[in-house]
Amino acid sequence: MKPRLQSKYETEILSKLKEELGRENLLSLPRLEKVVINMGVGSSVQEKKHVEEAQQSLTMLAGQKAVVTRARKSIANFRLREGMPIGAKVTLRKAQMYEFLDRLINLALPRVRDFRGIPTKSFDGRGNYSMGLNEQLVFPEVNPDKFLRPQGLNIVIVTSTDCDVEGKRLLELFGMPFQGKDDKSAGAA
């Protein structure tokens, strides 16, 4: 069975993008390619088990095994040696990517304290969006009793387009809660 967001993309979003962008070729329309979730664990220099905890929590979030990332360079000021484990990452594609994005948009982001939408400035100029969360505990899959130490994570959503405007429109159609112009004026008052 297809994930809900994937079937929404195929039935609704493609036709809207086709109409808005004026393109007939479906393959030229923007689409999601992958979602990369990354946790950098700075405290892993002192405590090796922090990397293992981050790997376990990412595996629970993503539904597939996370990979431990290692330092590329030695940095004496940080007591870091080349090859030391310093974080974990996981790359999601196809059905797992759509399922994670659905949980992010509908479950995790509304649970963030004082949430007013995500900023639109985090596009990279090539249509890809990056965002960070301060805690992995906003996801309902993560058991707060098991993971006592709060750990932040970075999420990168990679699209097939080279244009930030098209990438933003694609994510808006998926339901990504971007900060609007109304929110900025309300915050200034």
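Since every read-out is calculated from the coordinates, none of them should be taken as a lab result. This one's a predicted model, so the numbers in the text were calculated from it and none came from an experiment. No Cβ is skipped: glycine too gets one built from the backbone with ideal geometry, and neighbour counts run over all protein chains shown.
Below, the figures for the structure above:
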{"quantity": "Built amide H within the under 5 Å cut-off of I86, gap 5+", "calculated": "T69, R70, A71"}
{"quantity": "Gaussian network model of the chain, Cα within-10 Å springs - most flexible of K65, K34, K49", "calculated": "K49"}
{"quantity": "Length gained when the stretch R23-Q64 is fully extended (0.36 nm per residue, less Cα-Cα span)", "calculated": "11.2 nm"}
{"quantity": "Within-11-Å neighbourhood charge of G127 [Cβ basis; K, R +1; D, E -1]", "calculated": "-1"}
{"quantity": "Gained length - M131 relative to E12, 0.36 nm times residue gap less alpha-carbon distance", "calculated": "40.3 nm"}
{"quantity": "Label of the coordinate-derived value, Rg and Dmax of the Cα atoms in Å, listed as [x] 18.3, 56; [y] 26.0, 99; [z] 20.1, 58", "calculated": "[x]"}
{"quantity": "Angle between the chain longest axis and helix 94-103 axis [Cα atoms, degrees, rounded to 10]", "calculated": "90 degrees"}
{"quantity": "Helix 49-62 vs. the chain, principal-axis angle (Cα, 0 to 90°, nearest 10)", "calculated": "20 degrees"}
{"quantity": "Angle in degrees between helix 164-174 and the longest Cα principal axis of the chain, rounded to the nearest 10", "calculated": "90 degrees"}
{"quantity": "Rounded to 5, the percent of DSSP beta bridges in the chain classed as antiparallel", "calculated": "95 percent"}
{"quantity": "Phi-based couplings in Hz for segment 70-84 (Karplus 6.51, -1.76, 1.60; Gly and Pro marked x)", "calculated": "10, 5, 8, 10, 8, 10, 5, 4, 9, 6, 10, 10, 4, x, 6"}
{"quantity": "In segment 81-155, chymotrypsin sites (Phe, Trp or Tyr not before Pro) in a DSSP loop with at most 15 other beta-carbon atoms within 10 Å", "calculated": "F115"}
{"quantity": "Given 15 as the ceiling on other Cβ atoms within 10 Å, longest exposed-site-free region of the chain for GluC sites (Glu not before Pro) in DSSP loops", "calculated": "83-140"}
